[in-house]
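Below is one structure, written out as structure tokens; the observations come after it.
The values are calculated or read from the model by the stated rules, or taken from the named source; none is laboratory data. None of these values were measured; they are calculated from a predicted model. Ideal geometry is used to build each Cβ from the backbone, glycine not excepted, and the neighbour counts take in all protein chains shown. Each accessible area value is taken on the protein alone, full model and side chains, heavy atoms only, with ligands, DNA and RNA left out. Shrake-Rupley method; radii C 1.70, N 1.55, O 1.52, S 1.80 Å.
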Amino acid sequence: MASPTTTSSRPAAASGQEAPAVPARAYDIGLLVLRLALGLTMAVHGAQKLFGWFGGGGVEGTGMFFESLGYPSPEAFAVVAGLTETLGGLGLALGLFTPLAAAAVAGTLVNAIAVKWGGGFFAPEGVEYELLITLTAVALALTGPGRIAVDRLLPRLRTHRLAYGVASVVLGAVVAGVTLLLRH
């Protein structure tokens, strides 16, 4: 089998024959597109909460919404949610501290799922959008950013390790759980 930096070959599922080799670069570009889509989407949601951009409520409006959901210190939670979404989203887009950025996004969306729970699965009342974002972020935490990422320039993160992703996802879940316990 060729090295993962040049090509990747995998068995074809149905025929038992080798599938054509896929350049590793294709995986890196695919992960880049996924990171950019998810990361920039989350950064925009964070900017809505922090600055009121893109039709958002800003800290005050988001704080009022959080107060209606039972969060204590709702404006402080609005700032935390806005920063987490903005910085986590930008981290994903850049491929910077990818496992932690992905876990931040996933943890924030766990709270959103808990708030919307009971509205069914399908949007707009259901949790499908939030669940899709959460699981996409978890997948990125576990797989890593690919080679087109700032993490590749950082000595400790140059090579992604599954343990980093798992530890980050666990951390994000614990923080999300603690946040949910603080709700009235």
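Observations on the model:
- Chain lengthening between Arg161 and Leu180 when straightened (0.36 nm per residue, less Cα-Cα): 3.9 nm
- Comparing mean-square fluctuations of Gly165, Gly39, Gly56 from a GNM of the chain with C-alpha springs under 10 Å, the top value falls on Gly56.
- Residue order for Arg35, Arg183 - accessible surface, 1.4 angstrom probe, largest first: Arg183, Arg35
- Result for the chain in a Gaussian network model with C-alpha springs under 10 Å: among Ala173, Ala43, Ala76, the largest mean-square fluctuation is at Ala76.
- Dipole orientation for the chain: of the candidates Ala78, Ala123, Ala141, Ala141 has the Cα lying most toward the positive pole (charges on Cβ; Lys, Arg +1; Asp, Glu -1).
- Relative to the Cα centre, the charge distribution of the chain, modelled as +1 at Lys and Arg Cβ and -1 at Asp and Glu Cβ, gives a dipole magnitude of about 700 debye.
- Pair-distance distribution of the stretch 61-126: all C-alpha pairs, bin width 5 Å, starting at 0; shares per bin in whole percent are 4, 18, 20, 20, 19, 15, 4.
- Under the Debye formula (equal points on every Cα, no solvent term), log10 I(q)/I(0) of the chain at q = 0.13 Å⁻¹: -0.71
- Taking each DSSP H run with n ≥ 4 as -39500 (n - 2.57) and averaging over every residue of the chain yields -21500 deg cm²/dmol at 222 nm.
- Between Ser73 and Phe121, the contour length at 0.36 nm per residue exceeds the Cα-Cα span by 14.3 nm.
- Note on Val175: accessible area approximately 80 square angstrom, rounded to 10, probe 1.4 Å, nucleic acids and ligands left out.
- Separation in nanometres of the label points that stand 7 Å from Cα toward Cβ, at Tyr27 and Val44: 3.0
- A simple spin-label model places pseudo-atoms 7 Å from Cα toward Cβ; at Val170 and Leu36 they are separated by 3.5 nm.
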